[in-house]
Amino acid sequence: MAQPLNWQKSSFSGGADGNECVELAHGDSTLLLRESDDPTRILPLTRDSLAALLRRIQAERP
């Protein structure tokens, strides 16, 4: 039987009720990304694609 996922929230997430969070978990062979306000929509990522996403976000920050 598969182990339940251990979702970890970003340290940059805000909101007193915790519903404005980006969460990350490690699946069998991929990383999984979701927003806490819609936890059923999960984006599977490789380490390289997550790193590219984070670089792109950082590059576009004002």
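The values are calculated or read from the model by the stated rules, or taken from the named source; none is laboratory data. Note that the structure is predicted; figures quoted are calculated from it, not measured. Glycine also receives a Cβ, built like all others from the backbone with ideal geometry; neighbour counts cover every protein chain displayed. Heads up: the accessible areas ignore ligands, DNA and RNA and are worked out on the full protein's heavy atoms, side chains in. Shrake-Rupley method; radii C 1.70, N 1.55, O 1.52, S 1.80 Å.
Cβ-Cβ distances below 8 Å connect the following pairs, each with a first residue in the range 30-45 that is farther than 15 Å from residue 10 by Cβ, a second residue that is in a loop (DSSP other than H, G, I, E, B) and hydroxyl-bearing (Ser, Thr, Tyr), and a separation of six or more residues or different chains: 30/46; 44/30.
Taking the condition open to solvent by less than 80 Å² (accessible area, probe 1.4 Å), more than 25 Å from residue 3 (Cβ to Cβ) and at pLDDT below 90, does residue 15 pass? Please lay out each step first, then the result.
On the way: open to solvent by less than 80 Å² (accessible area, probe 1.4 Å): yes; more than 25 Å from residue 3 (Cβ to Cβ): yes; at pLDDT below 90: yes.
Yes: the conditions hold for residue 15.
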